[in-house]
Ligand code: 5GP
């Protein structure tokens, strides 16, 4: 479906300004990354860790695109800061609940904005001595970075805009849109 058609098919949601990444583009990128992970980690113990809530759809899609034995973990963190801007301290509100020391771990993240959340999550997870730790993010907003953090893989680089869809919310809505769209705030 092209962007023109998608913007008129927003499940009744209002405030959609522009479709930035189509469902087909997302599917193709996730499938390609799944193939890449499949080859890189073949024969190795692998755990994909999704950061809730935003990454639940991307993490599940990526997990299904990996065609080798692989385990799944979830973690929820809340960032301290004002409004939607994180400021560096993160509080683990739900932990993986597994020993990750025998695994190659891939964090599946929805979006990297200032970079504070992932910099801190990576610091915490490295202390648990995984065999390796990498970050794959669906979206990256490098213009907004406040700390020196780079994902190992970014599927899409986007400009400084507030986006929704594929798990990303605005006021807990819009997560079920199958594409990435900018909202009118
Ligand atoms: P960071 O610590 O990198 O600033 O924050 C990352 C988190 O901020 C993401 O996991 C997400 O929850 C939230 N976030 C950042 N930018 C956006 C955006 O454009 N849309 C939505 N829905 N959440 C965002």
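The table that follows gives values for the structure above.
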{"quantity": "Sorted by Cβ neighbour density within 10 Å, fewest at the top, the residues 57, 92", "calculated": "92, 57"}
{"quantity": "0 to 90° range, to nearest 10: angle between helix 116-126 axis and the chain longest Cα axis", "calculated": "20"}
{"quantity": "Beta bridges by DSSP in segment 32-185, antiparallel share as percent, to the nearest 5", "calculated": "25"}
{"quantity": "Rg over Rh, two decimals, the chain (C-alpha only, Kirkwood Rh)", "calculated": "0.96"}
{"quantity": "Exposure proxy order (Cβ contacts within 10 Å, fewest to most) of 111, 96", "calculated": "96, 111"}
{"quantity": "Net length gained if the chain between residue 144 and residue 17 were fully extended (0.36 nm per residue, minus Cα distance)", "calculated": "43.7 nm"}
{"quantity": "Ellipticity estimate at 222 nm from DSSP helix runs (n ≥ 4, -39,500 (n - 2.57)) divided over the chain, nearest 500", "calculated": "-7000 deg cm²/dmol"}
{"quantity": "For the chain: relative contact order, % (alpha-carbon pairs under 8 angstrom, 6 or more apart)", "calculated": "23"}
{"quantity": "Mean separation of Cα contacts under 8 Å (6+ apart) over length of segment 132-185, as relative contact order %", "calculated": "28"}
{"quantity": "Potential extension, residue 92-residue 78 segment - 0.36 nm per residue separation minus Cα distance", "calculated": "4.4 nm"}
{"quantity": "C-alpha long axis of helix 56-65 to longest principal axis of the chain, angle in °", "calculated": "60"}
{"quantity": "Whole-Å distance, taken between Cα centres, linking segment 33-61 and segment 154-185", "calculated": "20"}
{"quantity": "Exposure proxy order (Cβ contacts within 10 Å, fewest to most) of 131, 185", "calculated": "185, 131"}
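FYI, it's all coordinate maths here, none of it is from the lab. Bear in mind the structure is a predicted one, so any value in this text is a computation, not a measurement. Ideal geometry is used to build each Cβ from the backbone, glycine not excepted, and the neighbour counts take in all protein chains shown.
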